[in-house]
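First up is the structure itself, then whatever we jot down about it.
The values are calculated or read from the model by the stated rules, or taken from the named source; none is laboratory data. Since the model is a prediction, treat every value here as computed from it, not as a measurement. Quick reminder, even Gly has a Cβ in these numbers, built from the backbone with ideal geometry, and neighbours come from all protein chains shown. With ligands, DNA and RNA removed, areas are computed over all heavy atoms of the protein, side chains included. Shrake-Rupley method; radii C 1.70, N 1.55, O 1.52, S 1.80 Å.
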Amino acid sequence: MSVNRLQKRTVRDACRTKSLASGLLLGTLGLSAIACSDAVPLEAKLLNFKHSDIQHSYLDGQKDDLLSAGLGLGGLQAQALPEAENPQKLTEMDLRRAAIHTNYRGIVSTHNDAGYGRLYGPDKNQKPIPGHEYRSSVHYPDGALAANIVVQVPDSFQRGKPCIIAAPSSGSRGVWGAIGTAGDWGLRHGCVVAYTDKGTGTGFQFLNNGEHYSSSGLLQSGDISAEFKPTDLRIATKHAHSAKHVEKNWGRYTLQAVQMAFYLLNQHHRNSKQNYFTRDNTTVIASSISNGGNSVIQAAELDNQNWIDAVVASEPTLNLPSDFKYNVEHPSDPYSGSGRDILYLGIQHALYQPCAMLASKTDSPSIFAAAIGPATAALQQRCKNLKNAGLLNGSDEQLAREAEAKLSALGFQTPMYSLQAFAVANHLWPSIAVNYANAYGRKKAQDSLCDFSFVYQEQGQSKVMPATARQALYGQSSGIPNTAGISLAYKGQPLNIFDTSDSSFTGFQCLAKFYDTKAVQESIAALSLNGDLHGKPTLIIHGNLDSLVGPNHNSRGYMALRASRFPDRDNVRYIEINKGQHFDALLSWPEFRQQLVPMHHYYEQAMEAMWQHLHQAKPLPANQVVDSQAALQLSQKQLPAFSSRENIKVEAGSLRF
């Protein structure tokens, strides 16, 4: 029996003997109390968070199914969707299918040579997965929408061995943002999957007319009483512009999705002779990647009533206390200091990375490297602007190396040129900086913080988004620009990597000053994790080449924090993947397969290891670096399994490789 299951039994036994007061509350979650004397368990009661009516549909596996929205394995691998019956009037089913296709392919490489269908994901014999699907949304006390929830119950669900996978979305994605990771694994294993967009997602609003989106993605008219200007091209996004600081509630929304799943199971999938589905008899694994990984760690730290049994997090963004200092002893990627948040890192990269790129050598041809080549003059102008602002002080020939050293000093291993080119060509760090600055500063789109905004663009010019594109946006967006034609703009004009005036540089300087404001610093402080996972077995995996969510500031730092604060708890493991990075979808291009390995292969291996730990009492893998190797056509030979041999030493305040 795992420690967490022992804790669950302790709670149950205490209720039987009336030794546990029925008024225990789950912190700030606003959830119902444990009702020890009630014959109907808490899991069968709809908990008292404000939510919308629950919508239900059954997908028979013929025209539609839970995992692929009727597309099948081939449809998920296809770059384009089949055309909708009426492209001028998309239905909820059309939008759901498009969103599942977009989000699945945005997270996982579906290319055969990357290993899809062979080394990870469904195999070629995978049949459609029929089952029930429930949709609801959680609301703030003022009635505003907080987060969307979808619960899927596959027909293969085993009532005698029930399991729930909590699947918060990655990045700023919508409710389907974990369909290709936790959703895929859970459904193929007969588990209920509880998705949440965690308060991010595709909640766009157009400031020219107020149009916005329903929870199911249908375009809705604006409030006629509000003031909108037809010439205003700015677009609001849910993550950046809700003014609610949604990130501090990501764990809360994850727990609420689990509780909704329990309620639905007991209301609709339990026969009269069957015991209730409870925390005692149901395995719950909270699992996701990136910002979803942050969400499951947050949820585990909040969860002192054992809704969650175990955690699997891949490439998680993890916010560390600002006063916690730690050391990483690593032969090529050492670090000593405090963890830095994603906004700070985003601003620094937005400022310095365009210049630093000039110091890097092309490691292989790529579509992104080819796009960067003609931008050399604009990159050189960034170097000059940094020098003129006093942020660099070397000779003109040394400026790029100095900018590169600035980023290296932050604890970032210099990324491969192809990954840097991908980031710069797509304005990755600038978009992250603007997104999180607005979110932490609780700004609205109308504020145009530091003269930045999000706009629709065609051929480099801001435009009104066409009606057909607006209608389809829910199914095509990742939730953060650049996405579906929506781009980051400075003073109304889309950013352009060939802009030799480097006009947006002043905007990033403004963001650097805004970072130090009281509002932003209070928002960042509210995100600090404490390392207390309440005894839940946990696997954290990370790629050593992650150039977005750097391991030094996230997973490595969190492991050092736990070892410092809870040295006697030994059921959390850290596994680092050689040649792993943050964007598995890039492995659909051969130039990236030659240099990188799929993190998703190891994500699934971590899920299997955790399942065996919970159900077969197998030991968790050791803290380790997996010596995986890239190949144009990957095979199991390049992707060794986890081992029991420890080669990462985790100690109080330090990691040694």
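Legend: calculated FRET efficiency, R270 to N530, from the Cβ-Cβ distance at R0 = 41 Å, rounded to 0.05, equals 0.70. Note on K579: lysines with a C-alpha under 16 Å away, same-chain residues under 8 apart excluded, are K637.
Would you mind counting up the charge near I129? Only other residues with Cβ under 13 Å from its Cβ, with Lys and Arg at +1 and Asp and Glu at -1.
Numbers: positive: K127, R188; negative: D60, D64, D65, E133, D155, D184.
So the surrounding residues net to -4.
Computing the accessible area with a 1.4 Å probe over protein heavy atoms, can you report the carbon and sulfur percentage for the chain?
48
Between A560, W589, H534, the Cα set farthest toward the positive side of the dipole of the range 534-597 (charges on each charged residue's Cβ, about the Cα centre) is that of H534.
For the range 533-608, trypsin sites (Lys or Arg not before Pro) meeting the loop criterion (DSSP other than H, G, I, E, B) and having at most 12 other Cβ atoms within 10 Å: none.
Considering helices alone, the calculated mean residue ellipticity of the chain at 222 nm is -9500 deg cm²/dmol, with DSSP H runs of length four and up weighted by -39500 (n - 2.57) and normalised per residue. Cα convex hull, the range 215-271: 140 Å³ per residue, rounded to a whole number. Taking the charge dipole of the chain about its Cα centre, with +1 at Lys and Arg Cβ atoms and -1 at Asp and Glu Cβ atoms, the residue from A472, G121, A631 reaching farthest to the positive side is G121. When you filter the GluC sites (Glu not before Pro) in the range 363-464 for DSSP loop state and at most 13 other Cβ atoms inside 10 Å of their Cβ, you are left with E397.
Rounded to two decimals, the Cα-based Rg/Rh of the chain, with Kirkwood Rh, is 0.95. For the range 315-377 versus the range 156-229, the spacing of their alpha-carbon centroids is 30 Å. Structural size metrics of the range 266-324, computed from C-alpha coordinates, are Rg and Dmax of 15.5, 54 Å.
If Lys and Arg each add +1 and Asp and Glu each add -1, what is the summed charge of the other residues whose beta carbon sits under 15 Å from the beta carbon of P230?
On the way: positive: K229, R234, K463, R470; negative: E211, E227, D232.
Residues close to P230 contribute a combined charge of +1.
For the range 359-402, trypsin sites (Lys or Arg not before Pro) are listed when DSSP marks them as loop and at most 12 other Cβ atoms sit within 10 Å of their Cβ; the list is K361. The Cα atoms of the range 342-523 cover 49, 43, 28 Å along the three principal axes, with the biggest extent listed first.
Count Lys and Arg as plus one, Asp and Glu as minus one, and take only other residues whose Cβ is under 14 Å from that of A78; the net charge is then +1. Candidate cross-link partners of K273 among the lysines, defined by an alpha-carbon separation under 24 Å and a same-chain spacing of 8 or more, comprise K8, K45, K161. Computed with a 1.4 Å probe over protein heavy atoms only, the accessible surface of the chain comes to 38 Å² per residue.
Rounding to the nearest 20 debye, state how big the charge dipole of the range 342-523 is about its Cα centre with +1 on each Lys and Arg Cβ and -1 on each Asp and Glu Cβ. Show your work: numbers first, answer last.
Numbers: 14 positive and 12 negative charges, 76 e Å.
Taking the Cα centre of the range 342-523 as origin, the dipole is about 360 debye.
For L67, the residues whose modelled amide H falls within less than 5 Å of its own, excluding neighbours fewer than 5 places apart on the same chain, are I129.
If eta is 1.306 mPa s and T is 10 °C, what Stokes-Einstein diffusion coefficient results for the range 378-433, Kirkwood Rh from Cα pairs, in µm²/s?
Working: Rh = 12.2 Å.
Reported coefficient: 130 µm²/s.
For S137, nonlocal amide neighbours, meaning residues 5 or more places apart or on other chains whose placed amide H falls under 5 Å from its own, are S52, I149. Counting lysine pairs in the range 342-523 that sit 8 or more residues apart in sequence, or on different chains, and whose Cα atoms lie under 22 Å apart gives 17.
Only Cα pairs under 8 Å and 6+ residues apart enter the sum, and on that basis the relative contact order of the chain stands at 15 percent.
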